[in-house]
1. Would you mind putting A:167-179, B:128-140 in packing order, based on average other-beta-carbon counts within 10 Å, highest first?
2. Taking a ≥ b ≥ c as the square roots of the Cα gyration tensor eigenvalues, with a/c under 1.5 meaning rounded and otherwise prolate when a/b beats b/c, else oblate, which class fits region B:68-198?
3. In peptide B:167-180, what is the residue-averaged number of other protein chain Cβ atoms found within 10 Å of each Cβ?
4. For every helix of n ≥ 4 consecutive DSSP H residues, a contribution of -39,500 (n - 2.57) applies; sum these over chain B, divide by its total residues, and give [θ] at 222 nm rounded to the nearest 500 deg cm²/dmol.
5. Does anyone have the angle between helix B:180-198 and the longest principal axis of chain B? Alpha-carbon axes, 0 to 90°, nearest 10?
6. Please compute, for peptide B:128-134, the average count of beta-carbon atoms on other protein chains lying within 10 Å of each residue's beta-carbon.
7. Taking chain A as the reference, fit the longest principal axis to its C-alpha atoms, fit the long axis of helix A:50-63 to the helix C-alpha atoms, and give the angle between the two in degrees, 0 to 90, nearest 10.
8. Under a 10 Å cutoff between Cα atoms, tell me which one of A:125, A:146, A:53 has the largest fluctuation in the Gaussian network model of chain A.
């Protein structure tokens, strides 16, 4: 028998499989990836820089969907940052279970670091004091990623057994706008940008 | 042999085991819980209302650590809401991997619904329009839970291969304050509260 012309293993297929495992189960392991791809665990390690290497491939994969052309220093910084936040939120809302994994391991992926470089350059250009730049970016990321998780939640998030035990909550839910998640994100983003403007 | 005096299974032990599995692996299954407790899967189902019931027990367990005395309508609403947000953040930062699970399944746990009732009552009492109440609470939760995930991240979150490929990021990281996560949370919370005040 000849060898298959399509290799069983490459970084793309390993990344795709890891992401599918996370979407299903909330986590991945290298032996699970190997099993799905019909390969030996050791062969997977031959293609990637360990488990941490796979995490960085996942970071690149998910971040590819973020439109970095939004971070254009020729546009007003607040419009640029808003557009980046919206695109960032949509990219991660497609894979909510990967968020805790990526948020709790250090960023090493070159293409993702380049995206931070663009965001930092935009804020420095806008006149933010250097010590404020990372807190501004991290605050925005926290609200973006919190909201990305919420985008993956059911629209009917509170199920009251009856309306008598929590009557104020029942009234507030009845009065809440359609698209609770988007309303909340816009509210948080507006507040964030207004406060960031006062820092200039 | 007599039966053991301590039952192998009860809701508390099932909840503790589910939370330990999530802390380790990012998810749980009923068979995994049964295996850890040396019981049959069917016996676990005898104690809880299915997998969803376990999720609600987890929600109650994690939310127990939130200090709800902060939601006291006799204090200024913004101070109350800030104190609640800080306590909420700390409670969930202890179990970051449970956040996606709880954020993407409907809230049914009575004691957690009571906590929302207190928050809604506080905001209605403060004068928020009824349609704004849930978006305000959800926006606050999104930034709290995004920041709780960030609290579980390493302090050195960006690892640059060298300082020449992303020089602006390198400068911003050098200038960033110690306790990036707390600075970012305070910034986001200040912005949120300032914007919420304008809604009154």
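Every number in this text was worked out from the coordinates using simple rules, so none of it is lab data. Since the structure is predicted, the reported quantities are computational estimates derived from the model, not experimental observations. Cβ atoms come from the backbone with ideal geometry, glycine included; neighbour counts cover every protein chain shown.
1. B:128-140, A:167-179
2. Prolate, since a/c reaches 1.5 and a/b exceeds b/c.
3. Rounded to a whole number, the mean comes out at 6.
4. -21000 deg cm²/dmol
5. 80
6. Average neighbour count from other chains, rounded to a whole number: 6.
7. Around 50 degrees separate the two axes.
8. A:125
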